[in-house]
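The values are calculated or read from the model by the stated rules, or taken from the named source; none is laboratory data. Note that the structure is predicted; figures quoted are calculated from it, not measured. Please note: Cβ atoms are built from the backbone with ideal geometry, for glycine as well, and neighbour counts cover all protein chains shown. Side chains included, ligands, DNA and RNA excluded: accessible areas come from the protein's heavy atoms. Shrake-Rupley method; radii C 1.70, N 1.55, O 1.52, S 1.80 Å.
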Amino acid sequence: FTVLKKTKLKIRSKSKATIDKADRALQDWFRENHQGTPCESCGKPFQVMHHHIEKSKSNAGRFNHDNLIFICQLCHSNIHFGDHNIVATYSLKRGSKWLEKMRKLKLEKKSYYGKKELEKIIEHYKAEPL
């Protein structure tokens, strides 16, 4: 018979839940305030703000509007499945100055967000006028 190992359940931290709320507030704010904005790759209406520099790779870019790309769900999925043509398309449209900003942003160090800082971000996106 097989012996099952006991494993500790991963408990979701309060700070993780708060950063998820901040991410959601940002996405909701853009969807509310930029309805009808076209996907920067295919031109269909955008549905999600894609992080050019992944959130897991840059805390400095997480809430930086220059790092956010208006993208439809299909193009977003395709990016995450490795379609570099979509990234090339919006990168060309945004130009070399933007690419240089992204290069610098990627090098910028930002420590993790604290709970109070995240709460301010959530409040900012919820309080912004439409």
Exercise. Which members of the range 74-97 meet the condition of being under 17 Å from the mean Cα position of the chain (by Cα), surrounded by 11 or more Cβ atoms within 10 Å (Cβ to Cβ) and among the hydrophobic types (A, V, I, L, M, F, W, C)?
Worked result: 74, 75, 79, 86, 87
Exercise. If residue 100 passes every condition in (1) at pLDDT below 95; (2) open to solvent by less than 90 Å² (accessible area, probe 1.4 Å); (3) more than 22 Å from residue 39 (Cβ to Cβ) but one, which one does it miss?
Worked result: (1)
Exercise. Looking at the range 62-73, which of the residues that are part of a helix (DSSP H, G or I) and open to solvent by 40 Å² or more (accessible area, probe 1.4 Å) is farthest from residue 109 (Cα to Cα)?
Worked result: 73
Exercise. Looking at 59, 33, which is the one that is touching a residue at least 24 places away in the same chain (Cβ under 8 Å) and surrounded by 14 or more Cβ atoms within 10 Å (Cβ to Cβ)?
Worked result: 59
